Amino acid sequence: ITDLACLRGLRVIARASSMRFKGGTKEPVEVAGELNVRYVLDGSVRRAGPSLRLTARLIDCSDGSTVWSDKLGGTVEDVFAMQERLSRTIVDALRVTLSPREDARLRSRPIDDVKAYEYYLQARQLMYTFTIPSLDRAAALLEAARARAGESISLLTAIGGVHLSYVETGQADLLAHLQAADECADRIAAIDPDSFGHRMLRGWIAWKRGHIREAIASLSRAHDIEPNNSDAAMFLSLTHLYAGQDDKAREFAHLALQLDPLTPLFQCMPGDRKSTHLNSSHVSESRM
């Protein structure tokens with residue numbers, strides 16, 4: 001999902017919605033209907049000690065045919081190579097043309113150390129609960145990952161996201177966590193100022209500080225880099241709403257719902273945009 005979501009030639013459903021079908025009994029055609037997609041990738045990953053075995057098939061749900069299927073074997077240390085091979089096979093099967101940046105993205109490794117990458121994935125899942133104990137655990141996992149693998153854009157983005165998630169709970173020191181998120185964004189900028197992580201963090205921070213124009217500019221660039229990121233679409237809907245730009249807010253609310261159709265928050269967003277008419281006078285010119 002992470003690899004394919006960066007490709008402009010595909011619309012990829014977010015993990016929060018697609019993983020609802022994990023371990024279920026619904027046929028791929030039913031899943032495709034609920035998610036409003038044509039293709040479904042399914043399969044399994046089996047792990048026994050260091051050994052890893054992956055089976056996958058790509059199904060065209062317009063007629064139920066199998067476009068491609070494969071089995072991959074290796075060790076846990078091979079997981080990134082297996083992931084890239086799987087992503088590129090899907091790209092070839094769907095005849096998607098990659099830009100140079102997209103091609104480089106598929107080659108890149110978000111975190112080189114596999115154990116650190118596991119910590120990162122566990123932390124990212126905990127972040128979605130927006131509870132203080134879960135965020136505490138996520139922060140600890142990310143620090144453990146950083147101790148093993150050093151700093152990377154993925155880790156710094158996640159750490160900054162944890163600090164901003166503390167702010168979202170309404171139970172934490174607003175200024176301290178905003179400052180910590182700012183420091184993460186500064187470190188990302190030193191690595192790649194035009195990365196998705198940097199643009200996304202800057203936009204989220206600007207929104208929390210009420211700097212709406214700055215937030216829209218940064219989040220718009222984040223959306224350009226990762227057009228399938230539902231969080232970027234959600235924040236763009238919110239910031240356009242605060243700017244009094246209802247049409248743009250509605251556009252991004254519908255996009256967020258297309259990308260993540262089964263998450264309750266995104267299901268509510270189009271209705272919020274219809275019922276809420278935010279006058280531009282509610283936002284001071286200095287904040288705009």
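The values are calculated or read from the model by the stated rules, or taken from the named source; none is laboratory data. These numbers were taken from a predicted model, which means no experiment stands behind them. Here Cβ is always computed from backbone atoms with ideal geometry, including for glycine, and neighbour counts include all displayed protein chains. All accessible areas refer to the heavy atoms of the entire protein, side chains included, with ligands and DNA or RNA removed. Shrake-Rupley method; radii C 1.70, N 1.55, O 1.52, S 1.80 Å.
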Which residue, 256, 116, 147, has the most motion in a Gaussian network model of the chain that connects Cα atoms within less than 10 Å?
147
Could you give the angle, 0 to 90 degrees to the nearest 10, between helix 153-169's Cα long axis and the longest principal axis of the Cα atoms of the chain?
50 degrees
Please give the helix 246-259 orientation as an angle from the longest Cα principal axis of the chain, in degrees from 0 to 90, rounded to the nearest 10.
20 degrees
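Using the scaling law 2.2 N^0.38 Å as the reference, what is the normalised Cα Rg of the chain?
Details: Rg = 19.6 Å, N = 288, 2.2 N^0.38 = 18.9 Å.
Ratio of Rg to 2.2 N^0.38 Å for the chain: 1.04.
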Shape metrics for the range 192-243, restricted to C-alpha atoms - Rg then Dmax, Å:
9.6, 29
Alpha carbon centre of the range 93-128 versus the range 39-65: separation in Å?
18 Å
Relative to 2.2 N^0.38 Å, what does the C-alpha radius of gyration of the range 103-234 come to as a ratio? Two decimals please.
1.00
Quick one: net charge around residue 73, please, counting Lys, Arg +1 and Asp, Glu -1 for every other residue with C-beta under 15 Å from its C-beta.
+2
Report, as a whole number in µm² per second, the diffusion coefficient that Stokes-Einstein gives for the range 1-123 at 20 °C and 1.002 mPa s using the Kirkwood radius over alpha carbon pairs.
137 µm²/s
Partners for residue 71 among lysines (Cα-Cα distance below 23 Å; same-chain residues under 8 apart left out):
22, 26
I'd like the accessible area for residue 85, computed on protein heavy atoms only with a 1.4 Å probe and all protein chains in place. Round to 10 Å², please.
120 Å²
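How would you order 91-103, 258-270, 52-64, 152-164 from highest to lowest mean count of nearby Cβ atoms within 10 Å?
Working: 91-103: 13.2, 258-270: 18.1, 52-64: 15.8, 152-164: 24.2.
Per-residue Cβ counts within 10 Å, averaged per peptide and sorted highest first, yield 152-164, 258-270, 52-64, 91-103.
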Share of the range 174-240's accessible area from carbon and sulfur, percent, 1.4 Å?
52 percent
Order 19-28, 190-199 from most to least packed using the mean count of other Cβ atoms within 10 Å.
190-199, 19-28
Cα axis of helix 132-149 to longest principal axis of the chain: angle in degrees, 0 to 90, nearest 10?
60 degrees
